[in-house]
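The values are calculated or read from the model by the stated rules, or taken from the named source; none is laboratory data. Please read all numbers here as calculations on a predicted model, not as lab measurements. Don't worry about glycine lacking a Cβ; one is built from the backbone with ideal geometry, like all the others, and counts go over all protein chains shown.
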Amino acid sequence: MTTFRKLNEGWNAEPNAPDPRVKVEGQDIVVSFLMNPFRFPQSSPEDVGRLRFVSCQRYRLGATNDEGWYRGQCRFSKVAPEWGEFYEVEGDLRLSESPNDWVEVGPIQESSRHFLFYFRDETFECDASDWKFEVVRAEQAAAGNSRRAGQLTGL
């Protein structure tokens, strides 16, 4: 059995062109993307969300789109509660149905957790020990300010 716990409460990626980017920082993976100002008015169109996955074992950012998901062409179609959300997945990860485009980052962790984020045309997945989320406000990025406007953690 596969279970999904939604992690993005009160925020999400831009639904049309989130432009997800992955950066490896040691054994951490940082995924940045544009925030959704349409559903969440506290975000501006230039705000960037950053998810940091701590002690990451492996990750993938691959092609999957909402049309394929709704047509049942994704391994979690008809199993995941909603398209376009960020989840922690437990149980049967259906890895035999997963693309083999995983990028190895670090050693296998006993406390590893599986994370999944459906972006518009791409799916991000990783195995990591934890996650943290922050928003870099457009005005902060423009000013070069290193302070963060908001921060959440999976701790």
Pairs where the first residue, in the range 108-128, is within 15 Å of residue 31 (Cα to Cα) and the second is part of a loop (DSSP other than H, G, I, E, B) and β-branched (Val, Ile, Thr), C-beta under 6 Å, 6+ apart: 123/64
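Please go through the range 48-71 and pick out each residue that is under 16 Å from the mean Cα position of the chain (by Cα) and over 18 Å from residue 105 (Cα atoms).
Within the range 48-71, the first condition is being under 16 Å from the mean Cα position of the chain (by Cα), and the residues that meet it are 48-66.
Of everything in the range 48-71, those that are under 16 Å from the mean Cα position of the chain (by Cα) and over 18 Å from residue 105 (Cα atoms) turn out to be 48, 49, 50, 63, 64, 65, 66.
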Unmet criterion (only one of (1) exposed (fewer than 15 other Cβ atoms within 10 Å of the Cβ); (2) part of a loop (DSSP other than H, G, I, E, B)) for residue 120: (1)
Pairs where the first residue, in the range 9-23, is under 21 Å from residue 88 (Cβ atoms) and touching a residue at least 24 places away in the same chain (Cβ under 8 Å) and the second is of a type in the set (Ser, Thr, Tyr) and not in a loop (DSSP other than H, G, I, E, B), C-beta under 7 Å, 6+ apart: 22/59
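Given the options 101, 66, 47, 92, name the one that is modelled with pLDDT under 95 and under 18 Å from residue 12 (Cα atoms).
Numbers: 101 fails: under 18 Å from residue 12 (Cα atoms); 47 fails: modelled with pLDDT under 95; 92 fails: under 18 Å from residue 12 (Cα atoms).
None of the others qualify; the one that does is 66.
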Every residue from the range 123-141 that is crowded, with 23+ Cβ neighbours inside 10 Å and either at pLDDT below 95 or in a loop (DSSP other than H, G, I, E, B) (or both): none
Tally of residues being in contact with a strand residue (DSSP E or B) (Cβ under 7 Å, 6 or more places away or on another chain) and more than 22 Å from residue 136 (Cα to Cα) across the range 57-68: 7
